[in-house]
1. Just to confirm a number: summing +1 for Lys and Arg and -1 for Asp and Glu over residues other than residue 114 whose beta-carbon lies under 12 angstrom from that of residue 114, what do you get?
2. Summing +1 for each Lys or Arg and -1 for each Asp or Glu, what net charge is found among the other residues whose Cβ lies under 12 Å from the Cβ of residue 131?
Amino acid sequence: FIEKVQIARGLHTTTVGVDTDGDHVAGITFHPDGTKMFAVYNQSISNFFTHVSQYDLSTPFDISTKAFEGETDNAGFFVSDVAFNSDGSSMFLVGYRDSIAEYNLGTPFDVRTASLVNEGHTIAGLGTQPKSFTFNDDGSRMFIAENATIRAYDLSITYDVSSAVSAETYETTYGVIT
């Protein structure tokens, strides 16, 4: 289940189930204009294959207006988060290993058209259990969270994770960056 929370006031406003087959939501992201939501699912506890589902949102950023559009084929094992480049032509998956998978999308922001480019870009200093990641707006920086650590990487080529160079590491204590 995914919950819609009004961050400014911290009020719970809606709970919407997007899972219909026992899978576990590992990560979500949205199209920049809020008209699509992408959810990473890990299949049941005994079968850890992953897929990314795509939903149309008739009201931007309102998950109660979702309509399932489709999903990727098997996207690997133990994937925990998904991110896209700014024009939606590339999709990146991070998971419980020390690498990031990259896919080309034949149609921007349409995971049904994904084709594997690189099964695993190895990132120096990346641990074995990254939980989430994102890019800055222009793709020159990447951020990866793992347990109590947030790592920032500079990308010499925008959205090219193979060009990542470690920039900073932040440790967290009880949810506060120290």
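1. Details: positive: 112; negative: 71, 73, 102, 110.
Local charge sum for residue 114: -3.
2. Numbers: positive: 151; negative: 81, 146.
Local net charge: -1.
Every number in this text was worked out from the coordinates using simple rules, so none of it is lab data. What you see is a predicted model; the values in this text were computed from it and never measured. All Cβ positions, even for glycine, are placed from backbone atoms using ideal geometry, and neighbour counts span all protein chains on display.
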